[in-house]
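FYI, it's all coordinate maths here, none of it is from the lab. On a predicted model such as this, the values are computed, not experimentally measured, just so you know. So basically every Cβ, Gly included, is an ideal-geometry build from the backbone, and we count neighbours across all protein chains shown.
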Amino acid sequence: MIGLSHYLLVGAALFALGLFGLLTKRNLIAVLMSIELMLNSVNINLVAFSRYTASDPVAGQVFSLFIIAVAAAEVAVGLALAYAIYRGRDTVSVDEMDWLKW
Amino acid sequence: MESTGLMHTLAFFLLSGITLAAAAGVVFKRNLVHSAFLLSVTFLGVAGLYMTLEAEFLAAVQALVYSGAVAVLVVIGVMLTHREDMSCSNPPNKMIVAGGLAALAIVGVLVWAVLGTAWNTGKGGIVDAGDIGRRFLTDFAPPFEAVALLLLAALIGAVVLFKGGKEQS
């Protein structure tokens, strides 16, 4: 029988994959993709809680909708930033973005 | 939940397998274009998981916004920022051991917490789109307006950043 903890475990695995990508990717766009994976895992958790334990199930799904909206805004601005950096500095490698380091 | 049966179990394992395999592909593939398309598959798998949770409206939003808009944006981003060889466009950096350890630590803590908690299931329930819409127009109206403003600001900001300006020197 599939229950709450199954969904939470899938969310945990997806979050760990996203975190691994976030820490180990060299390309700025791949880092953005990993952040999207982590946001999705959080959404799975919220919807699972709303389905199985919430006293107000609508609130969990409303939270997820807000996260989806913020993630869409984030990826639009993030890609615009990546393109702006690429145009100015000719790189999307995170390792080379160390101008504040001294 | 008693209403779930064998179909639900099968659908859950199939969809979570697709989702996690595609997510692993996003992280481990060396070609950024493959990663971008597998990201779309991941989003569709998550939409399927929402269907198994009986959150149909959210599944539709997920398929439209993530698999439609976000994945297309990412593919356009890949297209605009690459001119060299695509086959090794997504390499890992030097942090691979430390990052792997951090991810394993996180998943260990999360699995321990999930399995060690006595979840108080039995409340919760199925939400239809009408409920969500009514709540958006009553007690969630202020955050709804705030998100509308945020989307407008992000749209304008993205256009300004893409268009670019002269760097002050």
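If I filter region A:87-102 down to residues being in a helix (DSSP H, G or I) and touching a residue at least 40 places away in the same chain (Cβ under 8 Å), which single residue comes out as surrounded by the most Cβ atoms within 10 Å (Cβ to Cβ)?
Let us first name the residues in region A:87-102 that are in a helix (DSSP H, G or I), namely A:87-89, A:94-96.
With the extra rule that they be touching a residue at least 40 places away in the same chain (Cβ under 8 Å), the set shrinks to A:94-95.
Details: A:VAL94: 14, A:ASP95: 12.
So the residue we want is A:VAL94.
Per-residue answers, yes or no, for (1) farther than 22 Å from A:TYR83 by Cβ; (2) facing chain A (nearest Cβ under 7 Å); (3) hydroxyl-bearing (Ser, Thr, Tyr); (4) outside any helix (DSSP H, G or I):
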| site | (1), (2), (3), (4) |
| --- | --- |
| B:LEU44 | yes, no, no, no |
| B:VAL65 | no, yes, no, no |
| B:VAL72 | no, no, no, no |
| B:ILE76 | no, no, no, no |
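Could you list all residues from region B:117-169 that are of a type in the set (Lys, Arg), surrounded by 11 or more Cβ atoms within 10 Å (Cβ to Cβ) and either outside any helix (DSSP H, G or I) or touching a helix residue (DSSP H, G or I) at 6+ places or on another chain (Cβ under 8 Å) (or both)? Step through it out loud before you land on a result.
Applying the first criterion (of a type in the set (Lys, Arg)) to region B:117-169 yields B:123, B:134-135, B:163, B:166.
Filter once more, so that each one left must be surrounded by 11 or more Cβ atoms within 10 Å (Cβ to Cβ): B:123, B:134-135.
Within region B:117-169, B:LYS123, B:ARG135 meet the criteria.
Report the residue count in region B:4-20 for those that are more than 10 Å from chain A (Cβ to nearest Cβ) and either surrounded by 15 or more Cβ atoms within 10 Å (Cβ to Cβ) or within 17 Å of the chain's Cα centre (by Cα) (or both).
1
Out of A:ALA48, A:ALA16, A:ALA84, which single residue is surrounded by fewer than 23 Cβ atoms within 10 Å (Cβ to Cβ) and assigned to a helix (DSSP H, G or I)? Show your work before the answer.
Working: A:ALA48 fails: surrounded by fewer than 23 Cβ atoms within 10 Å (Cβ to Cβ); A:ALA16 fails: surrounded by fewer than 23 Cβ atoms within 10 Å (Cβ to Cβ).
Result of the check over A:ALA48, A:ALA16, A:ALA84: A:ALA84.
Which of the residues spanning region A:51-68 are more than 7 Å from chain B (Cβ to nearest Cβ) and part of a helix (DSSP H, G or I)? Lay out the reasoning, then the answer.
Step one: of region A:51-68, the residues more than 7 Å from chain B (Cβ to nearest Cβ) are A:56, A:59-60, A:63, A:67.
If the condition is that a residue be more than 7 Å from chain B (Cβ to nearest Cβ) and part of a helix (DSSP H, G or I), then A:ALA59, A:GLY60, A:PHE63, A:ILE67 are the ones that fit.
Filter region A:71-99 for residues that are under 20 Å from the mean Cα position of the chain (by Cα) and charged (D, E, K, R) and give the result.
Of the residues in region A:71-99, the ones under 20 Å from the mean Cα position of the chain (by Cα) are A:71-83, A:92-94.
The one that is under 20 Å from the mean Cα position of the chain (by Cα) and charged (D, E, K, R): A:GLU74.
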